[in-house]
There are 2 protein chains.
Amino acid sequence: MRGIVPQKVKGFRDITPGQNLLRQFIIDKATEVYRRFGFSRYDTPIMEYAECLGKYLPDADTVAQGVYSFKNPEEEPVFDTNGREMRDAENRVIMENHFVALRYDLTAPLARVYAESLWQQHLRGEIQGKTNLFRRYQYGPVFRFEAKLDPGRFREFWQMDFDTVGAEDVSADAENCMILSQALENIGLKRGTYLIKINNRKIVNGLLAYTGITDKEQEMAVMRVIDKLDKIGIDAVAKELGKGRVDEVSGAEIPGLNIEKKFVDIIIQFIKDFETRGTRAEVLAKLKAKPAFENDTYKEGVEELEKIDTILAQLGYNEEVAILDPGMVRGLGYYTGPIYEVESLQTYKDEKGRERRVGSICGGGRYDGLVENLLGVKVPATGASIGVDRLAELLTLTNQAQINNDGPVIIIAFDDSLMPLYQKTAMQLRAAGIDTEIYYGAKRGLKHQMAYADRNNSPLAVIIGSNEAEKGVATIKNLRLGKQLAESIADKNEWKNKVQQEVAIEKIAEEIKKILEK
Amino acid sequence: MRGIVPQKVKGFRDITPGQNLLRQFIIDKATEVYRRFGFSRYDTPIMEYAECLGKYLPDADTVAQGVYSFKNPEEEPVFDTNGREMRDAENRVIMENHFVALRYDLTAPLARVYAESLWQQHLRGEIQGKTNLFRRYQYGPVFRFEAKLDPGRFREFWQMDFDTVGAEDVSADAENCMILSQALENIGLKRGTYLIKINNRKIVNGLLAYTGITDKEQEMAVMRVIDKLDKIGIDAVAKELGKGRVDEVSGAEIPGLNIEKKFVDIIIQFIKDFETRGTRAEVLAKLKAKPAFENDTYKEGVEELEKIDTILAQLGYNEEVAILDPGMVRGLGYYTGPIYEVESLQTYKDEKGRERRVGSICGGGRYDGLVENLLGVKVPATGASIGVDRLAELLTLTNQAQINNDGPVIIIAFDDSLMPLYQKTAMQLRAAGIDTEIYYGAKRGLKHQMAYADRNNSPLAVIIGSNEAEKGVATIKNLRLGKQLAESIADKNEWKNKVQQEVAIEKIAEEIKKILEK
């Protein structure tokens, strides 16, 4: 036999009870806010046809790159562009195993949902005029096959998205920023510990058009290079836009985009001009003063930012919450208008004592072309996403994760013949609303049972031996207090007196409730 | 271009807001009970190494059958049975793309979790004596590629499991049955509308051993045939155990297991003897009276059922909740001891008016060999699972789904220039805890906006035109009341007076709260 030892697939992980409570806490708190703004929960499958998801990941030139994709075991018809089954020379329907993929985000499946509904309407001859409004939130795992996985990153992680499909008005984008802010604060982040950075793809596209770059592929290539700014610095960005560079650490040759030097200079100067963070009014003034403002796309982009700024200001979202950041572009391929990213400003010390930041915890923006790419019908859409696992990491690293991770009361299995009594006692406690476990493990030593209780954060243990059973009493051991007092009280008997008490079994539920409520 | 139209992968589905609320309701109610019994939530990835999941699905002879399985894009080392990396003649580590699979249930991944932990302990030289206790609950999607998909069934569906690994005592199995009962009743099922059927694989194995069948593969093949009893009937089962049969509907030839007729007769007689449901005491007496009772395995199986019966009786779980059903075997390959299945007794009428039942809604049992198969270490384990989606279907079909599917209050977008006022009004309502949406759709006709509100179950709409804005008032339209009165009140003005009211915008939150609380 040859094979693999029992283990998780590389890049995947299990989620412990404490991590689950924290993840659920984040989801519940964000759900409150998403619903407050009128979104309903809508779920899509884990797996989709690869073609329906499209290729929008950073650094993904083909559908397969960055995505877990495989051939569906089922043969299905192939369709032509009119949605008709294709047939061979003998008029048989052409069958194929389509490629399917694990979803890499929750936005591409949403576009499929909307396009599928439009397609059905089209088949029924119902499409006329503008498109319907559809708003939903969704959360769950997404999957990325990143060939080189950074430490602490995973290939399966949770996102929590809300989106508005069918809305042209950038008011919806302003609202998206407010929702992110309210959700983060509802989760417990203090104002001033995070910052929403807003930009507009139209500004970048307009600037590039001004330098003569209008090819979609090249536009996107430039975005991806600029997106690396925080990681590689401005000089490396300049080189990657131009003739390429050699990576200092790995020595790898990174090819450049071969953009003419005078145009690279314009792009770099633009980024440099906005390196120092100004007020939103200052940034808007600077953007308007640029010669690129003559370009329509660029101008539209600035005007949209202006509108978003006005709404945010009117509703009390000042520079402490949201700034304009023309150097922020985001790596995903599908954005077409306003984009936003939330940066955590909090620091923590890593294991070597170095100050660290978690970085980006949310992102979003407008993607008016996503449904169009699937179906040819232009549908405006905008939304944003909380990186649930990234946020959980932030809360943990900065000691802000306030969850109650108490385990159940444990009934020690002292004597097998008393099992019926243990079960009745457990039933009493459960009926009183107390989470209670009977120890069923094969290792029966008291030490093992106590170690188990400790691993599970049990607040107290119930011990009933045959003597106690005869008297109708139980010993309650307060494990939480026991831990607290273990250091301050050296005398074993004194410690025992404080930590243990004998109670009548018939009154055990009320006694335990009293202790737990302390 | 050729490809596929926008659609879900065949066999997969989207989950609407109402379905999500119901699914979440089931999960929340079951969570309460699972935690009450001391389980903590532990999650595993959607994807696992196929080898780690094993092959336990009914009708699955190879890893790939019934499972979405594909080659991992990443090359990884191959290990020998001692967990050492294998090397080729030139001492290079042998690399391979391992097969990975979407999990087909939540039990096989749990065995991986436990085996992985044991393996790590083994590497540290820590394993000694009996194994540790581990209890967890988990919920989420599982995936089955069933080549022939029954109508209304899906290839991605949700389960909610709880398991106890490391417990030998069948008290844990009795507890599993109580947990299922309490969870179902907490979700809203009335006692008497469901029935837990309990059996023991040891009884079936013992009976087969008595007829000379001890080969594991053949044992399992027999179980799979008996598992079809409800679908195909006793005569077809007899034929499939013997020389095979021709399916009446499809005309397909179904090969038999070729068991000797006298042994087939013993098995069939056994099933027939228990067709009429007796009390648990009656069934136990009948089981003991069988000649197979001389067989140790059979005897052990009966004694375990006896113990489970005693515990259930002591704690008040009588025949209305749980019966013994020696003809029930379950199709999954990994069970080794007590098994249980919950049948819904409720009927509903299908679209043709025929009486129907949903059938099995929960299942579980003991699987002492699952970790052993991965690692060679014997680890007792037992657990059960609620079929979340099946239960949601039951609640829906029998009109027991009591969820509040109200949408948000909607602020009609009447006049674009008033958007700031709409946003401030929305902010007021949200601050008062009222879910509120501003209509951002591109279709601005009032009819469209009202149709949208209706689709989303919005209870009321807020209308502010420029006249109203000047006066500082808003019109509130009670959509819920409007629907109720639409039939009883013919006069349009009277209806309008009842359904609409004008309020001062500054007091709008309290007014709306009053209406919503009615």
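A few comments on the model shown:
- Filter result for residue A:468 (without any contact (Cβ under 8 Å) to a residue 40 or more places away in the chain and more than 12 Å from chain B (Cβ to nearest Cβ)): yes
- First in region B:74-94 and over 15 Å from residue A:7 (Cβ atoms), second anywhere and of a type in the set (S, T, N, Q), Cβ under 9 Å, 6 or more apart: B:75/B:97
- Selected residue (criterion: nearest to the other protein chains (Cβ to nearest Cβ)) from residues of region B:30-48 that are over 19 Å from residue A:101 (Cβ atoms) and part of a loop (DSSP other than H, G, I, E, B): B:38
- First in region B:274-291 and assigned by TED's automatic domain parsing to the domain that holds residue B:309, second anywhere and in a loop (DSSP other than H, G, I, E, B) and not aliphatic (A, V, I, L, M), Cβ under 6 Å, 6 or more apart: B:274/B:326; B:274/B:327; B:279/B:319
- Out of B:404, B:467, B:457, sole residue that is surrounded by fewer than 20 Cβ atoms within 10 Å (Cβ to Cβ), not assigned by TED's automatic domain parsing to the domain that holds residue B:500 and not small (Gly, Ala, Ser): B:404
- Count of region B:178-217 residues which are in contact (Cβ under 8 Å) with a residue 40 or more places away in the chain, more than 30 Å from residue B:401 (Cα to Cα) and in a helix (DSSP H, G or I): 10
- Taking region B:155-190 as the range and being under 18 Å from residue B:102 (Cα atoms) and out of contact with any helix residue (DSSP H, G or I) (no Cβ under 7 Å at 6 or more places or on another chain) as the test, the residues that pass are B:155, B:156.
- Residue B:107 falls short on exactly one of the conditions (1) within 7 Å of another protein chain (Cβ to nearest Cβ); (2) under 20 Å from residue B:159 (Cα atoms); (3) crowded, with 22+ Cβ neighbours inside 10 Å, and that condition is (1).
- Of the set (1) more than 8 Å from every other protein chain (Cβ to nearest Cβ); (2) of a type outside the set (Lys, Arg); (3) farther than 30 Å from residue B:83 by Cβ, all apply to residue B:382 but (3).
- Residues in region A:478-509 that are part of a helix (DSSP H, G or I) and surrounded by fewer than 11 Cβ atoms within 10 Å (Cβ to Cβ): A:487, A:488, A:492, A:493.
- So residue A:406, is it in contact with a Pro (Cβ under 7 Å, 6 or more places away or on another chain), farther than 30 Å from residue B:430 by Cβ, among the acidic types (Asp, Glu) and in a loop (DSSP other than H, G, I, E, B): yes
- Taken together, the residues in region A:144-153 that are more than 9 Å from every other protein chain (Cβ to nearest Cβ) and either surrounded by 18 or more Cβ atoms within 10 Å (Cβ to Cβ) or among the hydroxyl-bearing types (Ser, Thr, Tyr) (or both) amount to 1.
- Residue match in region A:157-169 (condition: buried (at least 23 other Cβ atoms within 10 Å of the Cβ), modelled with pLDDT of 95 or more and touching a Lys or Arg at 6+ places or on another chain (Cβ under 7 Å)): yes
- For region A:9-29, a residue qualifies if it is without any contact (Cβ under 8 Å) to a residue 40 or more places away in the chain, part of a helix (DSSP H, G or I) and within 7 Å of chain B (Cβ to nearest Cβ), and exactly one does: A:20.
- Looking only at region B:126-143, and only at residues there that are over 23 Å from residue A:410 (Cα atoms) and of a type in the set (A, V, I, L, M), the one that is surrounded by the most Cβ atoms within 10 Å (Cβ to Cβ): B:142
- Within region B:83-98, being more than 35 Å from the chain's Cα centre (by Cα) and at the interface with chain A (Cβ under 9 Å from one of its Cβ atoms) holds for B:86, B:94.
- Residue in region A:397-404 that is small (Gly, Ala, Ser) and either within 25 Å of residue A:325 (Cα to Cα) or more than 25 Å from the chain's Cα centre (by Cα) (or both) present: no
- Flag if residue B:513 is farther than 18 Å from residue B:420 by Cα, within 47 Å of the chain's Cα centre (by Cα) and in contact (Cβ under 8 Å) with a residue 40 or more places away in the chain: yes
- Number of residues in region A:411-426 that are facing chain B (nearest Cβ under 9 Å) and surrounded by fewer than 16 Cβ atoms within 10 Å (Cβ to Cβ): the value is 3.
- Among the numbered conditions (1) more than 30 Å from residue A:23 (Cα to Cα); (2) assigned by TED's automatic domain parsing to the domain that holds residue A:225, the only one that residue A:333 does not meet is (1).
- Scanning region B:434-452 for residues that are of a type outside the set (D, E, K, R), assigned to a loop (DSSP other than H, G, I, E, B) and free of Cβ contacts under 8 Å to residues at least 12 places away in the same chain, we see that the one that is nearest to the other protein chains (Cβ to nearest Cβ) is B:442.
The values are calculated or read from the model by the stated rules, or taken from the named source; none is laboratory data. Here the structure is a predicted model, which is why all the values come from computation and not from measurement. Neighbour counts run over all protein chains shown; Cβ positions are idealised from the backbone, glycine included.
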